[in-house]
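Take a look at the structure below.
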Ligand SMILES: Nc1nc2c(ncn2[C@@H]2O[C@H](COP(=O)(O)OP(=O)(O)OP(=O)(O)O)[C@@H](O)[C@H]2O)c(=O)[nH]1
Ligand SMILES: [Mg+2]
């Protein structure tokens, strides 16, 4: 591991701790606010039960149940945060992409593996979540998305991605699909930072010189590669998102795997070294920020949804407050009559 990455990862760990403290403090604030709201609601409820004439238990009950729903959602944030706490030590990257995109091939290259986890032509090879380490980073190989009948695997992949500091989104150079775009949109709406890798697909035999020449041509044809990336980015409009800032780097994973430690010329042509640099650069430049962000977002993203919910509820409450004003008017009249009598 290079010393610059090692140093940066130590700083990243400190940032993760800061991020955790920040998120935890916000989480406690929110929890206390909800406890205050629950207390004032039960106070109102108690007062009402003493003045049966103006009792409006329906409204109070409704508010109580809405408040309980919010508290349940907040509890969920708490358990997510606890989960993340256990992951404070490692900078974590999840490799995400459709089945057969080459996620496990990427893992085999980074770990100089024996190729056992790579699919052999059938769909859905990886069915569980597997962590490995590379350059001090924890990288996770997950099942592919968009596979027929793979909904449970897909959930597994999404849960892993939610906890990651960075997503490596793997795309293949054959036509990008709208459902892949939908998955990317989902990750972006969770605030996840994404680095794109495009695996240029082309059958390849390392012992065939013509294949090597072909590969060289394919990898040099950057305009075709860029056109595919741009075609994929156009899907962002369907999701009201802007992906113009997402960077992609191209590689040919199959040849990188076959040539690694054996044929430096082919390994160079595969451009895999650019993928490695791409990841390390991101960690060096934005690592600390990404670590704080993971923790802050674990509270901020679900909270922004909760806030939307609260706005909706407060709109309803405002309408219902008319009923209260009416009750108050009735009470005033009743008081006048009582005093007169
Ligand atoms: N013909 C061809 N096949 C490729 C190329 N790159 C990868 N493959 C094949 O595509 C498959 C990719 O396999 P994996 O790395 O296991 O893909 P994955 O993304 O992990 O797939 P899941 O585990 O199912 O999600 C393997 O069968 C590779 O041999 C390529 O450039 N050309
Ligand atoms: Mg796999």
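One residue is enough: does the stretch 206-219 have a residue meeting the conditions within 29 Å of residue 291 (Cα to Cα) and either away from ligand 1 (no atom under 11 Å from the Cβ) or crowded, with 19+ Cβ neighbours inside 10 Å (or both)?
So far as the stretch 206-219 goes, no, none of its residues is within 29 Å of residue 291 (Cα to Cα) and either away from ligand 1 (no atom under 11 Å from the Cβ) or crowded, with 19+ Cβ neighbours inside 10 Å (or both).
Is it true that some residue in the stretch 131-138 is near ligand 1 (Cβ under 10 Å from one of its atoms) and crowded, with 16+ Cβ neighbours inside 10 Å?
Step one: list which residues in the stretch 131-138 are near ligand 1 (Cβ under 10 Å from one of its atoms), which gives none.
Within the stretch 131-138 (the criterion being near ligand 1 (Cβ under 10 Å from one of its atoms) and crowded, with 16+ Cβ neighbours inside 10 Å), the answer is no, since none of the residues qualifies.
Could you please let me know if residue 320 is over 30 Å from residue 110 (Cα atoms), surrounded by fewer than 18 Cβ atoms within 10 Å (Cβ to Cβ), at pLDDT 85 or above and not assigned by TED's automatic domain parsing to the domain that holds residue 164? If you could, list the steps in order and put the result at the bottom.
On the way: over 30 Å from residue 110 (Cα atoms): yes; surrounded by fewer than 18 Cβ atoms within 10 Å (Cβ to Cβ): yes; at pLDDT 85 or above: no; not assigned by TED's automatic domain parsing to the domain that holds residue 164: yes.
Taking the combined requirement at face value, the residue does not satisfy it.
Examine the stretch 89-105 for a residue that is more than 16 Å from ligand 2 (Cβ to nearest atom), outside any strand (DSSP E or B), within 30 Å of residue 291 (Cβ to Cβ) and in contact (Cβ under 8 Å) with a residue 60 or more places away in the chain, and state whether such a residue exists.
Within the stretch 89-105 (the criterion being more than 16 Å from ligand 2 (Cβ to nearest atom), outside any strand (DSSP E or B), within 30 Å of residue 291 (Cβ to Cβ) and in contact (Cβ under 8 Å) with a residue 60 or more places away in the chain), the answer is yes, since at least one residue qualifies.
What's the number of the condition residue 107 fails, among (1) in the same structural domain as residue 137 (by TED's automatic domain parsing); (2) under 19 Å from the mean Cα position of the chain (by Cα)?
The failed condition is (2).
Going by the structure shown, is residue 79 part of a helix (DSSP H, G or I), more than 30 Å from residue 165 (Cβ to Cβ) and either away from ligand 1 (no atom under 16 Å from the Cβ) or at pLDDT 85 or above (or both)?
no
Select from the stretch 107-126 the residues that are in contact with a helix residue (DSSP H, G or I) (Cβ under 6 Å, 6 or more places away or on another chain) and either assigned to a loop (DSSP other than H, G, I, E, B) or within 8 Å of ligand 1 (Cβ to nearest atom) (or both) and list them in ascending order.
Result: 108, 115, 117, 118, 126.
Residue 246 - would you say it is outside any loop (DSSP other than H, G, I, E, B) and surrounded by 18 or more Cβ atoms within 10 Å (Cβ to Cβ)?
no
Answer with yes or no whether residue 198 is modelled with pLDDT of 95 or more, in a strand (DSSP E or B) and away from ligand 2 (no atom under 16 Å from the Cβ).
Spelling it out, residue 198 is indeed modelled with pLDDT of 95 or more, in a strand (DSSP E or B) and away from ligand 2 (no atom under 16 Å from the Cβ).
Only one of 80, 45, 29, 36 is more than 23 Å from the chain's Cα centre (by Cα) and surrounded by 15 or more Cβ atoms within 10 Å (Cβ to Cβ); which?
Of the residues listed, the single one that is more than 23 Å from the chain's Cα centre (by Cα) and surrounded by 15 or more Cβ atoms within 10 Å (Cβ to Cβ) is 45.
Output the residues belonging to the stretch 130-155 that are in contact with a strand residue (DSSP E or B) (Cβ under 7 Å, 6 or more places away or on another chain) and within 9 Å of ligand 2 (Cβ to nearest atom).
130, 141, 142, 144
Residues that are within 12 Å of ligand 2 (Cβ to nearest atom) and under 19 Å from residue 273 (Cα atoms): does the stretch 169-176 have at least one?
In the first step, residues of the stretch 169-176 are kept if they are within 12 Å of ligand 2 (Cβ to nearest atom); the result is 170.
From the residues that got through so far, the ones that are under 19 Å from residue 273 (Cα atoms) too are 170.
Yes: one or more hits.
Looking at the stretch 147-156, can you tell me whether even one residue there is in contact with a helix residue (DSSP H, G or I) (Cβ under 7 Å, 6 or more places away or on another chain), more than 30 Å from residue 334 (Cα to Cα) and either more than 10 Å from ligand 1 (Cβ to nearest atom) or not in a loop (DSSP other than H, G, I, E, B) (or both)?
No, the conditions are met nowhere in the stretch 147-156.
So that you can scan it fast, the table gives a plain yes or no per residue for (1) assigned to a helix (DSSP H, G or I); (2) more than 30 Å from residue 16 (Cα to Cα); (3) without any contact (Cβ under 8 Å) to a residue 40 or more places away in the chain:
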| site | (1), (2), (3) |
| --- | --- |
| 242 | no, no, yes |
| 268 | yes, yes, yes |
| 281 | yes, no, yes |
| 293 | yes, no, no |
| 300 | yes, no, no |
| 307 | yes, no, yes |
| 321 | yes, yes, yes |
| 337 | yes, yes, yes |
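Evaluate the following for residue 127: is it closer than 15 Å to residue 275 by Cα and within 15 Å of ligand 2 (Cβ to nearest atom)?
No; evaluated as a whole, the condition is false for this residue.
If you check 61, 66, 17, which single one turns out to be more than 16 Å from ligand 2 (Cβ to nearest atom), surrounded by 11 or more Cβ atoms within 10 Å (Cβ to Cβ) and free of Cβ contacts under 8 Å to residues at least 60 places away in the same chain?
Criteria check complete, one pass: 61.
The values are calculated or read from the model by the stated rules, or taken from the named source; none is laboratory data. Quantities reported herein were computed from a predicted structural model and do not represent experimental measurements. Glycine gets a Cβ as well: all are built from the backbone with ideal geometry, and neighbour counts include every protein chain shown.
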